[in-house]
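Below is one structure, written out as structure tokens, with a few remarks after it.
The values are calculated or read from the model by the stated rules, or taken from the named source; none is laboratory data. Predicted model only: the values in this text are computed from it and were never measured. Neighbour counts run over all protein chains shown; Cβ positions are idealised from the backbone, glycine included. With ligands, DNA and RNA removed, areas are computed over all heavy atoms of the protein, side chains included. Shrake-Rupley method; radii C 1.70, N 1.55, O 1.52, S 1.80 Å.
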Amino acid sequence: MGLFTDEVLAETSGSAQSRYLNVSKIEIDRPARIAILQSPAFSFHEVWGESVSNPGEVKPFRFSKKPTESEMLEYLGGSYRVREVNPEWAKVAGELERPKRVHAFTVWNFESKQVEILSIKQKTIIDRLKELSVTEEYADLLAWDLQIARILSGGKTSYSVTPLPRKKTTESDVEMALSEAEANGFDITRLLDNGDPFTQG
């Protein structure tokens, strides 16, 4: 037996697996293969706030519906302000970010072999999922695997979403994943209050 458990080694090395799948971090030559476990997606509006006292500190603020400017200011309180748009993309200097619609999916990540949350605001991915979901063959996307690839071309990033038949050897893993997570208290709606969907309380 080793001196440390795998859990301790992961903590000290910084290699602990995240429970959130970020499409912008998918490696160019290594697409992510997932299975969506819940339908419909959990949707909300999100704006990033920046600490007034510590400008480097940011956190997301989420709303069940698109907030008005006054609702945003009230929710951010006096200690946070809406983050400015990256100057590289801003139309005018000092432009503030607008709330973005986010669709969060509970997924099974075949590489990490765990239940994770995939939050998407990229229009190309959302449009592709909508396109697939209204076709007869892929109407039940929960029965298919999805391969999400990040493509870099001409300095610009785009994404592709390809449906794949579910592997028989992994079907039982996918079927059991959500029920086990829910038995442990999983609730994706905790995202709305910046809670941990994987931990009760």
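Some points to look at:
- Heavy atoms of M176 accessible to a 1.4 Å probe, total area in Å² rounded to 10: 100
- In a simple Cβ point-charge model (Lys, Arg +1; Asp, Glu -1; nothing else charged), the stretch 50-181 has a dipole of about 360 debye relative to its Cα centre.
- Each of the peptides 83-90, 120-127 was scored by the mean count of other Cβ atoms within 10 Å over its residues; in descending order, highest first, they stand as 120-127, 83-90.
- For V85, residues with placed amide H under 5 Å, excluding near neighbours: E95, L96, E97
- The stretch 110-177 versus the stretch 46-89: alpha-carbon centroid distance in Å: 30
- Hits among aspartates and glutamates - C-alpha to C-alpha of K156 under 15 Å, sequence gap 8 or more where chains match: E27, E88
- Set K65/K168; K100/K167; K66/K167; K65/K113; K59/K91 screened for pairs whose C-alpha atoms are more than 30 Å apart: K65/K168; K100/K167; K66/K167; K65/K113
- Rounded to 0.05, the FRET efficiency of the D140 and N194 pair, given R0 = 30 Å and the Cβ-Cβ distance, is 0.40.
- Area of E180 that stays accessible when all protein chains are in place (1.4 Å probe, Å², to 10): 100
- Of the whole protein surface, S64 contributes about 90 Å² of accessible area at a 1.4 Å probe radius.
- Dipole of the stretch 56-201, positive end: most advanced residue of G185, F63, Q200 [Cβ charges, Cα centre]: F63
- Length added when fully stretched, S53-R166, from 0.36 nm per residue minus Cα-Cα: 35.7 nm
- Accessible surface ranking for S53, S39, S24, S112, 1.4 angstrom probe, highest first: S53, S39, S24, S112.
- Computing semi-axes √(5λ) of the Cα gyration tensor in Å directly from the structure and comparing it against (1) 24, 20, 18; (2) 32, 27, 14; (3) 30, 23, 19 singles out (3).
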